[in-house]
Amino acid sequence: MILADIITLWNSSWPAGVTMLALGVGFSIVLLIADKKLKVKMDPKIEQVSKALPGIDCGACGFAGCSSYAKAVVQNPEIIGKCAPGGGKVSEKIAEILSLSVSGSDIPVRPIVHCRAHKDDKTFFGQYDGIPTCTSANALANVQGCKFGCLGFGDCKASCKFGAIKIINGLATIDYEKCTGCTACSKACPQQGLIEMVPFSHSAMMTVACRSQENGKDTKAFCKVGCIGCKLCTKQNEAFVMATNFAKLDYKKYQPGETCETAKKKCPTGVIIYRGKDAPA
């Protein structure tokens, strides 16, 4: 009786099994053909460019990551020089892959923190007990006297993938031996213009380490080492220009020399300093 039931079940089910098997094979063949027909062929140059890039997906180029930039640069070679961490060497590799030549000078771009005030140099209105980030502190008024200076909570440090930033006594400090110029720190800082990406034509670059827009009297009251807008530096060299109550360097005009050194020496608050790998201590 049991054997008869098994035979009956087999006779009734095997056609359905064969049908399902046939359908499975058929669908597999269709999918295989569709994959071959519809598959988008990647330009081999995109893969080559992608391998030439650092592969750190820092976003300095303005794209989501290295693979996105690789695709974009193959389509538009005019953006070859956008990889800051890779610098000129990577640009040359990409140009070689695309059978192009790279024109212009290979001047690395690096960040400069336009503040030199440590905690002891600043005036604080009170103790900040909120979320320990610059973005949160910057949203509140009266955290520190100077509302244009470094807040020192390290949003820039947290954004850096290369360990190139330390917070030393309340001041963001760049390690130029590790810095790749990826721009992450300048984007993370909520203080507009505090961290500026500057073309480093020399291993040590002079800068005015202040962005206070207060008048000289108020700046001096809030910070011991801020720019008071005295204009002495602008009288020594045309590269020094005035913004809103503070001096700054026009790096298109900047050339190290005697007049720049004279401006540095004459600065009453010592706010003209050097930044970079070979910056004097």
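The values are calculated or read from the model by the stated rules, or taken from the named source; none is laboratory data. All values derive from a computational prediction rather than experimental measurement. Cβ coordinates were reconstructed from backbone atoms using ideal geometry, including for glycine residues, and neighbour counts include every protein chain displayed.
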Discussion item. Of everything in the range 229-248, what is at pLDDT 95 or above, of a type in the set (A, V, I, L, M) and within 13 Å of Arg211 (Cβ to Cβ)? Give them in sequence order.
Written reply: Met242, Ala247
Discussion item. I need the full set of residues from the range 99-152 which are out of contact with any strand residue (DSSP E or B) (no Cβ under 7 Å at 6 or more places or on another chain), under 30 Å from Asn76 (Cβ atoms) and either surrounded by 22 or more Cβ atoms within 10 Å (Cβ to Cβ) or not aliphatic (A, V, I, L, M) (or both), in order please.
Written reply: Ser99, Ser101, Ser103, Gly104, Ser105, Asp106, Pro108
Practice prompt. List the number of the failed condition for Tyr254; all other conditions in (1) in contact with a Phe, Trp or Tyr (Cβ under 8 Å, 6 or more places away or on another chain); (2) more than 26 Å from Ser136 (Cα to Cα); (3) of a type in the set (Ser, Thr, Tyr) hold.
Written response: (1)
Worksheet item: In the range 107-141, what residues are free of Cβ contacts under 8 Å to residues at least 60 places away in the same chain and under 20 Å from Tyr176 (Cβ atoms)?
Response: His118
Fill in: Unmet requirement for Cys150, which otherwise passes all of (1) touching a residue at least 60 places away in the same chain (Cβ under 8 Å); (2) under 22 Å from Val271 (Cβ atoms); (3) in a loop (DSSP other than H, G, I, E, B)
(1)
Worksheet item: If you take the residues in the range 153-167 that are buried (at least 20 other Cβ atoms within 10 Å of the Cβ) and in contact (Cβ under 8 Å) with a residue 24 or more places away in the chain, which one is nearest to Pro85 (Cα to Cα)?
Response: Cys160
Item to complete: Just name the residue that is nearest to Ser212 (Cα to Cα) out of those in the range 249-281 that are acidic (Asp, Glu) and within 30 Å of the chain's Cα centre (by Cα).
Response: Asp250
Worksheet item: Considering Asp218, Asp250, which residue is of a type in the set (Asp, Glu) and within 19 Å of Pro111 (Cβ to Cβ)?
Response: Asp250
Practice prompt. Could you please let me know if Asp129 is part of a loop (DSSP other than H, G, I, E, B) and not assigned by TED's automatic domain parsing to the domain that holds Glu92?
Written response: yes
Item to complete: Determine which single condition Lys45 fails, assuming it passes every other condition in (1) assigned to a helix (DSSP H, G or I); (2) at pLDDT 85 or above; (3) surrounded by fewer than 16 Cβ atoms within 10 Å (Cβ to Cβ).
Response: (3)
Worksheet item: Taking interchain pairs and intrachain pairs at least six residues apart, which have beta carbon atoms under 6 angstrom, with the first residue in the range 259-271 and at pLDDT 95 or above and the second surrounded by 15 or more Cβ atoms within 10 Å (Cβ to Cβ) and small (Gly, Ala, Ser)?
Response: Val271/Ala209
